[in-house]
Amino acid sequence: MMHDTIAAISTAVGEGGIAIIRISGPQAISGIDAIFHSKISLNEADTHTVHYGHIIDPSTKEKVEEVLITLMRGPRSFTAEDVVEINAHGGVIAVKKVLDIVLQQDDIRTAEPGEFTKRAFLNGRIDLMQAEAVIDLIRSKSDRAFSIAKKQSDGILSKRIKALRQTVIELLAHIEVNIDYPEHDVEAMTSTYIREQCQLAIDEIDKLLKTANEGKILREGIMTAIVGRPNVGKSSLMNVLTQENKAIVTDIPGTTRDVIEQFVTLNGIPLRLLDTAGIRETNDVVEKIGVERSRDALEEADLILFVLNYNEVLEADDRLLLEQLKNRSVIVIVNKMDLPGQLDLDEVKTYVPDEAIVQMSVLQESGLDSLEATISEMFFDGQLEANDLTYVSNVRHISLLKRAKQSMLDAIDATYVGIPIDVIQIDARLAWESLGEILGDEAGDSLIDQIFSQFCLGK
Ligand code: GDP
């Protein structure tokens, strides 16, 4: 348990209806009681209760803010310490004033970014993976990314890592027995057992790693470029997607106004739409720079939506672009299906597989469902609706999983070249430690500090 008490505004800074100041530590209850004017004394109040009253400025005795105070005595609180939350309604200035008064109390200081979550971890309330999931929760951009982060903070992924670690510890125990009782000559059987057990672990690690890519996509969005000749309906498609989905418009770092990114979710699939309207041949120097940047955006895209007009024949430009996009993730959108057909669909099919062609009428807003289904199929093996959304999404977790896998592979290799068993034990121990680092069991102080410093203040 920590000896000092920390406080911070826990809600996002800005114009929210209410703001919450969270205080955690041994002085949380008595410290706030000293500045809280109410019918009841917080010192005597039951745990998990809410109290109405006013925060008083001790120097002037004036009422500063009308508040509701939530009281949670440890260990049944987020940090496992005594926690008081002050719900204030009076806007930014009043809330800052309340925080100032709170911080004037003895032994209460400003929390460092992530310090509440850090305490929850250090007090054994959550493991490191759950703590990191809290970071993802705060940052998640789409509903689905949110629910994944939520599941992680609920510890589902932690359970899988723990089970994996169990497999490795069984292996370690088995090796230990062999070292301690060498008179039992079970070398041959042991090699087989080591290989089986390592392979079991590797298979599970591979499963988790496979989810990593999907997790990344869900958190950051599929970087999507819409391309095609002028007038085929690119802007219209962009508009339909963004208007219905409340786009968040952001500039891509490093570019000026040339490439604009809009974050939308199409039935739960997050897309980062790159506005590449500028892709066409031009002689204008200024426009040329814009075109260059659009080309770069096209290079980087995870997904290319290539729009064709059903009402026009395929042109040389289209064939050229289709040719260039051959090894990319591309969906051909045949737009304007409401108009008479001119396009040779069979020829289009020679460039892309059947399932990568979506027929639409952006004007009539038909075909969006099949676009969504196609994207889903392409990026998630069509399993996006699966309930088991336990995605590995954190770069640190991914690299540790890879390290654990490498150790397991090394152990398997070692069994084939007759390396002594106590050397194999080192590999197994490394794997065990790598997995432990994911959960925080083996994390050194500096690593813990690094992880928690990523939090925003008050979380
Ligand atoms: P862009 O140059 O590729 O961005 O094309 P626009 O989105 O500006 O569309 C060009 C024209 O096609 C506009 O007049 C749109 O209203 C029209 N348009 C777009 N989609 C459809 C569609 O599905 N059917 C029909 N009939 N017209 C469409």
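Could you please give the count of residues in region 325-365 that are within 16 Å of the ligand (Cβ to nearest atom), open to solvent by less than 50 Å² (accessible area, probe 1.4 Å) and of a type in the set (S, T, N, Q)? Count: 2. Reported count of residues in region 93-122, each being part of a helix (DSSP H, G or I), within 29 Å of the chain's Cα centre (by Cα) and at pLDDT below 80, is 0. When you look at residue 77, is it surrounded by 15 or more Cβ atoms within 10 Å (Cβ to Cβ) and assigned to a loop (DSSP other than H, G, I, E, B), yes or no? For residue 77, the condition - surrounded by 15 or more Cβ atoms within 10 Å (Cβ to Cβ) and assigned to a loop (DSSP other than H, G, I, E, B) - is met. With respect to residue 33, is the statement that it is in contact (Cβ under 8 Å) with a residue 40 or more places away in the chain and among the charged types (D, E, K, R) true? No, not satisfied. When the criteria are applied in full, residue 86 fails the requirement of being open to solvent by less than 50 Å² (accessible area, probe 1.4 Å) and either farther than 30 Å from residue 128 by Cα or in contact with a Leu (Cβ under 6 Å, 6 or more places away or on another chain) (or both). Among the conditions (1) at pLDDT below 50; (2) within 25 Å of the chain's Cα centre (by Cα), residue 257 misses just one, which is (2). Looking only at region 80-90, residues that are part of a loop (DSSP other than H, G, I, E, B) and not hydrophobic (A, V, I, L, M, F, W, C) come to 4 in all. Selection of region 298-321 for residues being open to solvent by 70 Å² or more (accessible area, probe 1.4 Å), in a loop (DSSP other than H, G, I, E, B) and within 15 Å of the ligand (Cβ to nearest atom) yields only 315.
The values are calculated or read from the model by the stated rules, or taken from the named source; none is laboratory data. Note that this is a predicted model, so its numbers are computed, not measured. Cβ coordinates were reconstructed from backbone atoms using ideal geometry, including for glycine residues, and neighbour counts include every protein chain displayed. Ligands, DNA and RNA are excluded from the accessible area calculation, which covers all protein heavy atoms including side chains. Shrake-Rupley method; radii C 1.70, N 1.55, O 1.52, S 1.80 Å.
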